[in-house]
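Enquirer: Structure incoming, see below.
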Amino acid sequence: MHEKPLTNSVHVVQGERVHMPVEVRAATGITAQFLVPAGPARDTLAAAGLEPVTPIPGRVPATLGFIHYLDCDLGEYHEFLVALMCRQPGVRGSTGVFIHWLPVDQTFTCEAGQNIWGFPKEISTIDVSTRGKRTRCEVRLEDRPVVALEFGRGVPAPSAMGAMTLDAYTHRDGVLRRTPWTMRAGGTRMRPGGARVELGDHPISDDLRRLGLPRKALFTNHIGELTMRFADATPISSRS
């Protein structure tokens, strides 16, 4: 049985009140889209009670990227994203993205993400550097390299499409949750390919290898002006 999320609820994080919905007033980011084999993705999603979406038979869209939150209710921070396209089995209109891993570099957003939405956030070192027309993002845990993404600069693309809302699914402490995630992008640049993945020697690197990530992306999207809104999470089911 689904429970309705609270409206205009308030959460307390590290002694501070966080009002719903959480607003991101200014951010920038780069995302890269990949196609991974359906088998490993299905195993990962099944543990959360979800199933993969395969627009191409046998392949599941995956997104890797990073976001720099500049003006946000949770403070300023960097975040890295690993997500898989998914849906709830037997539920029409439930297509969304499963947030598989979401490291951040600040403790407040880490605790808020875990406790409010069940996001798989953990504290990490996220280094972003730009040289010429290429940007590189490196993520380290326990001083060990986990993943690096190197992006090439794209060409200007139309971005006046209005706000887009999708469901972000998370699974934490045996609970599957769905969070409405609204975003509006401007100042976008896109290109085919444009990103290359390097995996390190951490156990999470091995998990990403198991997903079958190809080294090169299908396409890359640079977002110069990004706003977002996160509503309260709805618990969908509990699994031990």
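The values are calculated or read from the model by the stated rules, or taken from the named source; none is laboratory data. Computed from a predicted model, the values in this text were never measured in an experiment. Cβ atoms come from the backbone with ideal geometry, glycine included; neighbour counts cover every protein chain shown. Side chains included, ligands, DNA and RNA excluded: accessible areas come from the protein's heavy atoms. Shrake-Rupley method; radii C 1.70, N 1.55, O 1.52, S 1.80 Å.
Enquirer: Roughly how many percent of the accessible protein surface of segment 54-100 is carbon and sulfur, given a 1.4 Å probe and a whole-percent answer?
Expert: On segment 54-100, the fraction of accessible area on carbon and sulfur atoms equals 53 percent.
Enquirer: Sticking with this one: Compute the convex hull volume of the Cα atoms of segment 75-121, divide it by the residue count, and report the result per residue in Å³ as a whole number.
Expert: Per residue, the Cα convex hull of segment 75-121 comes to 83 Å³.
Enquirer: Turning to a different aspect of this structure: Using only protein heavy atoms and a 1.4 Å probe, report how much of L226 is accessible, in Å² to the nearest 10.
Expert: Taking all protein chains as shown, L226 has close to 10 Å².
Enquirer: So what is the relative contact order of segment 1-128, in percent, for Cα pairs below 8 Å that sit 6 or more residues apart?
Expert: Value for segment 1-128: 19 percent.
Enquirer: What is the Rg over Rh value, at two decimals, for segment 35-183, using alpha-carbon atoms and the Kirkwood definition of Rh?
Expert: My calculation puts Rg/Rh at 0.97.
Enquirer: Roughly to the nearest percent, how much of the accessible area of segment 105-153 is carbon and sulfur, given a 1.4 Å probe?
Expert: 40
Enquirer: Around S237, which amide H atoms from residues at least 5 apart in sequence, or from another chain, sit under 5 Å from its own amide H, with H modelled in the peptide plane?
Expert: Under 5 Å from the amide H of S237 lie the amide H atoms of L176, each far enough along the sequence or on another chain.
Enquirer: Right, something else. Residue by residue, what Karplus-based ³J(HN,Hα) values in Hz, rounded to whole numbers, does segment 174-182 have, using 6.51, -1.76 and 1.60 with θ = phi - 60° and x for Gly and Pro?
Expert: Once rounded to whole Hz, the list reads x, 10, 8, 10, 10, 10, x, 10, 10.
Enquirer: Another question, then. Two decimals is fine: what's Rg over Rh for segment 107-240, C-alpha atoms, Kirkwood radius as Rh?
Expert: 0.99
Enquirer: Oh, and also: Give me the three principal axis extents of segment 28-76 from the C-alpha atoms, as integers in angstrom, largest value leading.
Expert: Rounded to whole Å, the extents work out to 39, 22, 14 Å.
Enquirer: For a quick check of your reading of the filter: which GluC sites (Glu not before Pro) in segment 105-144 sit in a DSSP loop and have no more than 12 other Cβ atoms within 10 Å?
Expert: The qualifying sites are E142.
Enquirer: From the phi angles alone, apply the Karplus equation (6.51, -1.76, 1.60; θ = phi - 60°) to segment 199-207 and give each ³J(HN,Hα) in whole Hz, x where the residue is Gly or Pro.
Expert: Result, rounded to whole Hz: 9, x, 10, 7, x, 5, 4, 5, 5.
Enquirer: Given Cα pairs under 8 Å that are at least 6 residues apart, what percent is the relative contact order of segment 144-194?
Expert: It rounds to 45 percent for segment 144-194.
Enquirer: Sticking with this structure for a sec: Considering Cα pairs under 8 angstrom that are at least six residues apart, work out the relative contact order of the chain and quote it in whole percent.
Expert: Relative contact order, the chain: 23 percent.
Enquirer: If I histogram all Cα-Cα distances within segment 1-123 using bins 5 Å wide from 0, what percent of pairs lands in each bin?
Expert: The distribution over segment 1-123 is 2, 10, 17, 20, 18, 16, 12, 5, 1, 0, given as percents.
Enquirer: Any idea of the accessible area per residue across the chain, 1.4 Å probe, to the nearest Å²?
Expert: 49
Enquirer: For segment 80-148, which trypsin sites (Lys or Arg not before Pro) are in a loop by DSSP, counting at most 16 other Cβ atoms within 10 Å?
Expert: Those that pass, being in a loop and sparsely packed, are R92, K133.
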